[in-house]
Amino acid sequence: MGEAFKEFIGERSVGWLGRRVAGVLPGFDVEGFQRESMRGLGELELKARVAHVAAALRAHLPSDYLEALGPLVEALPEPLGEKVAIEGMFGLWPVLTFVELYGLEHPRESLVALREMTRRFSAEFAVRPYIIQDTEGTLAKLLEWAEDEDQHVRRWVSEGSRPRLPWGQRIPAIVSRPELTLPILQKLNGDSSEYVRRSVANHLADIAKDHPELAVKVARGWLEAGASDATVRHALRHLVKKGHAGALDVLGFRPGGVEVLEFSVSPERVELGSDTVVTAALAAESSHDAVVDLVLLYPRADGRMGRRVVKWSNVGLKEGEVWRGSKRISFRPVTTRVDRPGNWAVLLQVNGEEKARGEFMVQG
């Protein structure tokens, strides 16, 4: 989490939050809350800052959770409405975390409060302990809210119940039993809001990581029922990248019908810090939509070969048409991986099929 993100929780946001609470709760010690919130805050990263401020709230609000919850809801600003940007609302994150950390003994009241809060700042993280504590009961309530008039609530229903939400607690019950959230996705995959549909696609993409065949079956059903092509493509993107035959078939990318006229790698010896270029030419034996990718096979530190897919192009070919392309592969240093010297290979993958292979040497 970068420097810019963690600075969203700082002196300005703490002061803003304290003043809002004091406006609805007479006797709230704004200065004491601010002092406790700021003590040691600068040494913390983003999520630790949020939890730290939530603990300061707990210390300065009424000790009874429900008595504290009411003023927090009353202090909320106006809902976002049609806006989807939440940057100006980061100061509310500690309020959601307050409910996440301290409200599990009062799930009914807490979920109602989170529904109000998510209309201002997404409660996708805060709802997850409630789903873990009572999976079927909480999902039943979220399913009701899948018909809420506010797009932020509908998105929260999908996003908060994702089995593998980035930065969020994993929900083991949904990872192992993805059918638990399918009724939610069924209600929302054709939502009027692209903001909601994008979350639904990400949710199905999470499911696809553990249950690819189920995800393909669900996506096919959505398309047949008239769901957006964009939603289905986004949901299946990881499977397409892996060359999953079922996902490619759902999207109309079928094997066969393409001949490789040329495939080469130049130079065949490349220094770390420089580039090599892959060139290919494809001919269509029949009219064909094709996903063209490269698969790099590379030496790992443990002596085994790793595998990395490099996206290249989606092309529409008419019968007899030839497509030519080149793709530069960089071996310049990046923070997300370490490229190692040794023998490498590159596979040309067309609609999930390996069509050609080239080899080259990376030199340190």
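Looking only at residues in segment 142-183 that are in a loop (DSSP other than H, G, I, E, B) and of a type in the set (Gly, Ala, Ser), which one is modelled with the lowest pLDDT?
Top of the filtered list is 168.
Taken as a whole, the condition of being more than 20 Å from residue 33 (Cβ to Cβ) and touching a residue at least 12 places away in the same chain (Cβ under 8 Å) applies to residue 87. Number of residues in segment 17-45 that are part of a helix (DSSP H, G or I) and either of a type outside the set (A, V, I, L, M, F, W, C) or surrounded by fewer than 15 Cβ atoms within 10 Å (Cβ to Cβ) (or both) equals 13. Of all the criteria given as (1) surrounded by fewer than 16 Cβ atoms within 10 Å (Cβ to Cβ); (2) in contact (Cβ under 8 Å) with a residue 60 or more places away in the chain, the one not satisfied by residue 152 is (1).
What number of residues within segment 210-228 satisfy the criterion of being of a type in the set (Asp, Glu) and touching a helix residue (DSSP H, G or I) at 6+ places or on another chain (Cβ under 7 Å)?
Residues flagged as of a type in the set (Asp, Glu) and touching a helix residue (DSSP H, G or I) at 6+ places or on another chain (Cβ under 7 Å) within segment 210-228 amount to 2.
Flag not set for residue 75, criterion: over 25 Å from residue 140 (Cα atoms), within 26 Å of the chain's Cα centre (by Cα) and surrounded by 14 or more Cβ atoms within 10 Å (Cβ to Cβ). Consider segment 308-328 and keep the residues that are at pLDDT 95 or above and in contact with a Phe, Trp or Tyr (Cβ under 9 Å, 6 or more places away or on another chain). The one that is surrounded by the most Cβ atoms within 10 Å (Cβ to Cβ) is 327. Only residues that are part of a strand (DSSP E or B) and either in contact with a helix residue (DSSP H, G or I) (Cβ under 7 Å, 6 or more places away or on another chain) or under 15 Å from residue 355 (Cα atoms) (or both) were counted in segment 247-283, giving 14. Any idea which of 104, 92 is part of a loop (DSSP other than H, G, I, E, B), surrounded by 15 or more Cβ atoms within 10 Å (Cβ to Cβ) and under 32 Å from the mean Cα position of the chain (by Cα)? Answer to the selection: 104.
Scan segment 306-332 for residues that are in a strand (DSSP E or B), of a type outside the set (D, E, K, R), in contact (Cβ under 8 Å) with a residue 24 or more places away in the chain and closer than 19 Å to residue 363 by Cβ and jot them down.
Passing the criteria: 329, 330.
Pairing each residue of segment 107-121 that is within 20 Å of residue 134 (Cα to Cα) and at pLDDT 95 or above with any residue that is of a type in the set (S, T, N, Q) and buried (at least 16 other Cβ atoms within 10 Å of the Cβ), provided the two are 6+ apart or on different chains, yields C-beta distances under 9 Å for 107/138; 111/138.
The values are calculated or read from the model by the stated rules, or taken from the named source; none is laboratory data. Predicted, not measured: the structure shown is a model, and the values here were computed from it. Heads up, the Cβs are rebuilt from the backbone with ideal geometry, glycines too, and the neighbour counts pull from every protein chain shown.
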